[in-house]
Amino acid sequence: MQTAVSNKNESKATSAPGVVYRTICQNPGCGFKFDLRITPENAGLLSASLSCPHCKRHGGFLKSQGRIGDKLFGAKLLFRLTGVGPTRGDDDDSAGDNAESRY
């Protein structure tokens with residue numbers, strides 16, 4: 001029975017569908033590294049808020065850091081600051097428009 005299970009796991013690992021995001025939690029004091037497998041069935045995770053499996057902080061969003069290898073990408077799990085007013089995101093390009101106007 002155990003040999004059948006191990007053979008099934010081996011074949012599953014070699015032909016696993018989807019891509020892997022090697023993710024690092026950016027919660028201060030955590031820094032936990034984990035792999036997140038994205039398949040067509042769970043592709044909604046890329047745009048949903050996630051919680052870190054180690055520190056359990058909710059509301060994190062994935063930010064891709066580029067390709068590491070074949071079907072392997074780097075990502076950061078970013079969180080908004082708590083107790084601080086709204087801030088401008090890293091990807092916000094409206095700073096160029098506001099730089100010309102003082103008011």
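The values are calculated or read from the model by the stated rules, or taken from the named source; none is laboratory data. None of these values were measured; they are calculated from a predicted model. Virtual Cβ from ideal backbone geometry, glycine too; neighbours counted across all protein chains shown. We work out accessible area using only protein heavy atoms, side chains counted, and drop any ligands, DNA or RNA first. Shrake-Rupley method; radii C 1.70, N 1.55, O 1.52, S 1.80 Å.
Observations, loosely collected:
- Residue among C52, C30, C25 that alone is over 14 Å from the mean Cα position of the chain (by Cα), at pLDDT 85 or above and surrounded by 13 or more Cβ atoms within 10 Å (Cβ to Cβ): C30
- Candidates are the residues of region 3-22 that are modelled with pLDDT under 85 and open to solvent by less than 60 Å² (accessible area, probe 1.4 Å); the one that is farthest from K76 (Cα to Cα) is S6.
- Scanning region 55-102 for residues that are at pLDDT below 85 and hydroxyl-bearing (S, T, Y) turns up T82, T87, S94, S101.
- Scanning region 33-49 for residues that are of a type outside the set (D, E), open to solvent by 50 Å² or more (accessible area, probe 1.4 Å) and part of a strand (DSSP E or B) yields K33, R37.
- Contact annotation: no residue pair with Cβ atoms under 8 Å, 6 or more positions apart or on different chains, pairs a residue in region 41-54 that is touching a residue at least 60 places away in the same chain (Cβ under 8 Å) with a partner that is open to solvent by less than 60 Å² (accessible area, probe 1.4 Å) and not charged (D, E, K, R).
- Residues located in region 55-83, provided they are closer than 17 Å to A16 by Cα and surrounded by 15 or more Cβ atoms within 10 Å (Cβ to Cβ): F73
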